[in-house]
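Following: one structure in structure tokens, then a few remarks.
Throughout, read-outs are computed from the coordinates displayed, never taken from laboratory work. These numbers come from a predicted model, not from an experiment. With ideal geometry, Cβ positions are generated from the backbone for all residues, glycine too; neighbour counts draw on all protein chains shown.
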Amino acid sequence: MRMLFKQRFFSWFDSYDIYDEAGGVLYTVRGQLSWGHCLKIFDQYDREAGTVKERVLTLLPRFELYLGDNYLGCVSREFSFFRPRYNIDCNGWHVEGNFMEWDYTVTDSGGAPVASVSKEILHWTDTYVIDVRDPRDALMALMLVLAIDAEKCSRSNG
């Protein structure tokens, strides 16, 4: 399954549209006013599907993931020098990025590929292509990309 993740050009808070391969809207992401990033994900029927919320005052960046009010787990950045690395504590996924932080590979606890994420350049706003092996993992992969993008944004503004 392929998703196209596009940040909206004009918005007061983080706002994204997530499209399927045919160009239909799968999800809409709306930033909420909060201390740290708080991103609400809505499905194509405008029902809340999930939330990515930054945990503030931590040594390394951490983002909590929710399905509705249910806490799923946390995405945390690992200490590394040249290539960004992230872990998700709820499903054993591990993420490793390239040096430029444009491409990411997501693997499960056994090292099998789960998803790949590529940042497209030459766009006015952040645009990513998310390829997910199993469509049931699409929402979790999206939450992961939102956390990584928010972490990069916080780092560049801080």
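Shape of region 76-158 from the C-alpha gyration tensor: oblate (a/c of 1.5 or more and a/b not above b/c, with a ≥ b ≥ c the square roots of its eigenvalues). Structure remark: mean-square fluctuation, Gaussian network model of the chain, C-alpha springs under 10 Å; the largest value among A115, A22, A141 belongs to A22.
Please give the FRET efficiency for N98 paired with L33, using the beta carbon to beta carbon distance and R0 = 30 Å, rounded to the nearest 0.05.
Details: r = 33 Å, r/R0 = 1.11.
That gives a FRET efficiency of 0.35.
On a full-extension model of 0.36 nm per residue, what is the gain between K40 and R8, subtracting their alpha-carbon distance, rounded to one decimal in nm? Before the final figure, lay out each step's value.
Working: separation 32, 0.36 × 32 = 11.52 nm, distance 1.46 nm.
Gain on stretching K40 to R8: 10.1 nm.
Helical content of the chain, expressed as a calculated mean residue ellipticity at 222 nm, amounts to -4500 deg cm²/dmol (DSSP H runs of 4 or more residues, -39,500 (n - 2.57) each, divided by residue number, nearest 500).
Computed over every Cα-Cα pair of region 36-81 and binned at 10 Å starting from 0, the pair-distance distribution P(r) comes out as 28, 45, 21, 7, 0 percent. The stretch between T125 and A22, if pulled fully straight at 0.36 nm per residue, gains 35.0 nm over its current Cα-Cα span.
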